[in-house]
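S.K.: Have a look at this one before I ask anything.
Computed from the coordinates by the stated procedures, all read-outs in this text should not be read as laboratory data. For clarity, every value in this text was computed on a predicted model and none was experimentally measured. Neighbour counts are summed over all protein chains in view; Cβ atoms, including those assigned to glycine, are modelled from backbone coordinates with ideal geometry.
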Amino acid sequence: MLVLDARPTPAEASFSYAALGDLLDELVPPDGAVHAALPEPQREALDVALLRASAPDRSLEGAPVAAAVRTVLHRLAGTNPLVVIIDDRQWLDRASEDVLVRPDADFMVLQAAYRALARSYHAEGSTPDPGRMVEINRAWESVRTVESRAGYDKGRRTTAFPVRPDPARSAPRQPFDPWKYGTTAPRSGGEIVDFGRYAGWRIADLVRHDPDYLRWLSRHSSGVRFIEAIARYLPGEVGVGRRAGLVG
């Protein structure tokens, strides 16, 4: 079974397609077979969403990105059972939510997701975490039967959103500008990664340990805060230097 797992953080919630990048950036490389098989409009849209390319008119509609994601997932699922897991959905960026979240997910999908998470966080799993496992079991209990799922869905519809319209969600959708946060996102000039699998690592240490991760981070929207440090430690990387120039 192929499990795609995104773990959004508060710092990433304002970056469009941050979670999508976590899921697909390394799995669908520009020189890979899945990427090459995408229809050209979908391939171009996905590259812009993942910050591999700039849109000709500096804007991007969600529809071609959603189509690209469906094509990629269908192709991956054709060779292996596939589960996509979003951990901490409250921090999921809106653009990724629009193309990834299915509130009407089938029971078998939910069960597979539960089992995949349990294999990681159970006391005998690969990364034991009793606190997280308690949360996972609680969530599973709320959807594990037809009756509990119906109650959960009813409660979600009536309580998950404010009674009054949310202006941010009810306003007309604006085209996505992939470079929008290059100059407006908070930047710490950070030397220490504070999220993901290398949380707590210094950029200087990652240069020796996993430079490919830094190259990926420099392309990812959540890496904007670290782009100047990455450019200093990878001075020969033309792409990194160009992106640092756009942010600076």
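S.K.: Tabulate in residue order the Karplus-calculated ³J(HN,Hα) for the stretch 199-205, using 6.51 cos²θ - 1.76 cosθ + 1.60 with θ = phi - 60°, rounded to whole Hz; enter x for Gly and Pro.
M.R.: Listing the rounded values in order: 4, x, 7, 7, 4, 4, 6 Hz.
S.K.: How big is D, in µm² s⁻¹, for the stretch 1-145 by Stokes-Einstein at 20 °C and 1.002 mPa s if Rh is the Kirkwood radius over C-alpha pairs?
M.R.: 131
S.K.: Extension gain residue 146-residue 127, at 0.36 nm per residue separation less the Cα-Cα distance, in nm?
M.R.: Stretched fully, the residue 146-residue 127 segment lengthens by 3.8 nm.
S.K.: Which order, highest average first, do 21-28, 67-74 follow once you tally other Cβ atoms within 10 Å for each residue and take the mean per peptide?
M.R.: 21-28, 67-74
S.K.: For the residues 227, 203, what sequence is obtained by ranking on other C-beta atoms within 10 Å, fewest first? Mind dumping the intermediate values first?
M.R.: Details: 227 26, 203 20.
Result, fewest neighbours first: 203, 227.
S.K.: Would you mind ranking 31, 47, 210 so that the residue whose beta carbon has the fewest other beta carbons within 10 Å leads the list? Mind dumping the intermediate values first?
M.R.: Numbers: 31 6, 47 19, 210 15.
So the ranking, lowest neighbour count to highest, is 31, 210, 47.
S.K.: In which sequence would 195, 15 go, from the one with the fewest C-beta neighbours within 10 Å to the one with the most?
M.R.: The order, fewest Cβ neighbours first, is 195, 15.
S.K.: What residues qualify as long-range amide H neighbours of residue 195, i.e. H under 5 Å apart, gap of 5 or more or another chain, H built at 1.01 Å from N?
M.R.: 200
S.K.: Multiply the residue separation of residue 74 and residue 210 by 0.36 nm, subtract the distance between their alpha-carbon atoms, and state the gained length in nm to one decimal.
M.R.: 45.9 nm
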